[in-house]
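Okay, structure first, notes after.
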Amino acid sequence: MVTVVVRGRIPGREGLGEIQLDVAPGLTARDLIASAVATQLSDEGQDWTDYARLYLTDQEITAMAAEGVVRVLPRNRPPRPSVDLAVERALKSFERRRFVMFVGTTQVSGLDDNLALRDGDRVVFVRLTALAGG
């Protein structure tokens with residue numbers, strides 16, 4: 001087992017809180033995302049909507065775009081999702097390039113990529129945001 005530090009970032013906002021995960025060194029990106037999301041949702045002291053913003057779905061983006069603006073923060077606070085639903089949303093968001101993952105300075109390209117993690121590695125999930133007018 002190795003301990004890695006996982007952090008979420010949304011452009012234009014301060015970084016989300018860091019979490020530490022004890023994981024197998026050769027797990028896949030899919031497994032790391034699932035583990036991170038489960039840990040993020042289980043932290044009762046953390047406002048889980050901070051993490052939900054990182055993994056917006058296509059339907060949420062389309063609905064907000066119909067209002068004329070895609071907000072990083074939803075207007076209505078949705079109920080806390082189940083871990084399974086939250087993991088499914090995060091995996092779909094990664095596949096659709098709504099966020100990217102870096103292990104150190106290396107971008108992870110696919111869910112089935114095996115990650116050569118070492119103790120103390122830093123993993124960052126970065127939410128991608130469309131630029132206005134372009």
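The values are calculated or read from the model by the stated rules, or taken from the named source; none is laboratory data. A quick note: this is a predicted structure, and the numbers were derived from the prediction, not measured. Neighbour counts are summed over all protein chains in view; Cβ atoms, including those assigned to glycine, are modelled from backbone coordinates with ideal geometry.
Residue pairs whose Cβ atoms lie under 7 Å apart, separated by 6 or more positions or on different chains, with the first residue in segment 77-93 and in a loop (DSSP other than H, G, I, E, B) and the second at pLDDT 80 or above, do not occur.
Taken together, the residues in segment 7-34 that are part of a strand (DSSP E or B) and modelled with pLDDT of 90 or more amount to 5.
Consider segment 35-51 and keep the residues that are over 19 Å from residue 98 (Cβ atoms) and exposed (fewer than 14 other Cβ atoms within 10 Å of the Cβ). The one that is modelled with the highest pLDDT is 42.
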